[in-house]
Amino acid sequence: MSKPGWTTVALAAALSSLATACVLTFTKCNPNFYDDVRTQKPAESASKSTSASKPFLAPSDDEQEELILEQLARSRVFFGDDGLEVIRKSSVVIVGAGGVGSWAATMLLRSGVGNVRLVDFDQVTLSSLNRHATASRAHVGIPKVESVKQYFSGVVPWANIEAVQDLWVPAKLSKSEQEYTEMAERLIYVNGDKPDWVLDCIDNIDAKVDLLHFCKSRDIKVISSMGAGCKSDFTQVRIADISQTAEDPLSKATRVKLRKLGVYEGIPVIFSTEKPGEAKLLPLEDSEFEKKNEENETTVGELSVLPQYRVRILPVLGSLPAIFGLSMATHVLTSIGDYASIPEYIVTQSRHKPKAYDQIQQTLVGQLARESKRRTGENGIRIAAPFDSADVGYLVEEVYKNKSVISGECSRLSLSRWRKEGPINLQNVVVMTKDEQKKHEELVLRDENPMTVEEVYPEWVLNQVEHRLRQEKHYSMYR
């Protein structure tokens, strides 16, 4: 007998898939079908052979497993049997079930992840339908986590989906350390064990930073979504270590806050390098800022969903949060499934260089020691470092971009007091080369007839310094 041709094989495969679909559709429409037919008596017929036929029985566990494997056939081929088995046994916690988190959950569940916990305090609104993966008008008013769970109960009925309507409260806002620990472990740990991955899809920076710090301190794998709002260029979406992000204000603010907590790297984040476009936060009417309560306090903060959360509306192109969520899901799936070509987001040039920071810090300490010697005439006066290593790294990396504010050179960097009359703080210390520091001391910081910076430097240098200092003042709000 000749082997069947490709047309025959394709037709057989199509008929098999169609039959599977029919069974699943019919049983979905009648969830009690298997119980009904098990107890149903055979219909009487003129034909004895028909009346003697056996009733249709519910599929066995093996048959159910066969249906699941058929549904996950593409994932099974991609990851292999071993990879898919690990994925099906894995547990993932998604904090934030909105425009990013719902799409991440979508592909994690469709790809076979067996245990997913969704954490979000918010409810579905009409305005969230432009970006939410599962919500419909019928879901408006219900928790976002319930929307996702209800939808996928009919797509992956074998998966364990836990919907938790709750809020991640940062440690600084908790009543006690014990209350914070209990909250964090209840939301993140699964049956007392660490999850395989945590997805941070929170849009509040304080809660985001706190969650990331908690996961890092507990050695829990976590990936974080940065800002998708006001973005439209999907070609500029990237995944990198938190220490290597660029052109993204939320990434920078998150990185700065994490530095203060001792976290410098080791967290993959998804972000966009797209420069801000025309889309901006929608302004509030002046009348909202003028409203006051009985205690003569402004009430504009009452417009936010919760304290510390944004009041104004952030423009969002619905497809961008989806891309962020799907990218996060892809990263997690390839990691859990041990896929051969998973990219390693390794820090190639770490921003955290404590030895280099210590050396740069000593240039400022040396300058202060020379100033003290000129005033007192004494040698060997011990000068305490005005900044710690994290402050120096923040100034060099975040504010002055690893280069002299005067010449733009990147080698032999130092810190120097900028204005002689000003105190030593982050608003009066700049980055320059060692040679420039020496010249600056001779002209601006000398004791007799010192010159002003306006007399020494051209206008473009003064503007550059003022620009950096304004940036530092803005960044300091997030430290």
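Things worth noting here:
- Taking other residues whose beta carbon is less than 14 angstrom from the beta carbon of Glu442, and scoring Lys, Arg as +1 and Asp, Glu as -1, yields +1.
- Long-range amide H partners of Val431 with built H, under 5 Å: Val405
- For the stretch 157-170, 3J(HN,Hα) computed residue by residue from phi via the Karplus equation (6.51, -1.76, 1.60; θ = phi - 60°) reads x, 7, 6, 8, 10, 10, 9, 10, 8, 8, 10, 7, 9, x Hz, glycine and proline entered as x.
- Scanning residues 5 or more positions from Ser91 or on other chains, those with amide H under 5 Å from its amide H are Asp196, Trp197, with H placed 1.01 Å from N in the peptide plane.
- Under the Debye formula (equal points on every Cα, no solvent term), log10 I(q)/I(0) of the stretch 89-243 at q = 0.19, 0.20 Å⁻¹: -1.26, -1.37
- Scaled to the globular estimate 2.2 N^0.38 Å, the Cα spread of the stretch 153-267, given as radius of gyration, is 1.17.
- Here the ratio of the Cα radius of gyration of the stretch 177-245 to 2.2 N^0.38 Å is 1.28.
- Per-residue ³J(HN,Hα) for the stretch 129-134, Karplus 6.51 cos²θ - 1.76 cosθ + 1.60, θ = phi - 60°, Hz, x for Gly and Pro: 6, 6, 9, 7, 6, 10
- Distance violations [Cα-Cα > 31 Å] among Lys175/Lys221; Lys144/Lys473; Lys144/Lys260; Lys208/Lys355; Lys257/Lys373: Lys144/Lys473; Lys144/Lys260; Lys257/Lys373
- Proximity of backbone amide H atoms, modeled 1.01 Å from N, is registered between Arg446 and Met451 at under 5 Å, excluding neighbours fewer than 5 places apart on the same chain.
- Look at Glu441, Glu66 and count the other Cβ atoms within 10 Å of each Cβ; fewest to most, that gives Glu66, Glu441.
- In this simple spin-label model, placing a label point 7 Å from the Cα along the Cα-to-Cβ direction at both Arg186 and Asp447 gives a separation of 6.5 nm.
- Summarised in one figure, the compactness ratio Rg/Rh of the stretch 354-478, Cα atoms and Kirkwood Rh, is 0.94.
- Dimensionless Rg over Rh [the stretch 371-417; C-alpha; Kirkwood]: 1.09
We did not get these values from a lab; they are worked out from the coordinates using the rules stated. Predicted model only: the values in this text are computed from it and were never measured. Glycine gets a Cβ as well: all are built from the backbone with ideal geometry, and neighbour counts include every protein chain shown.
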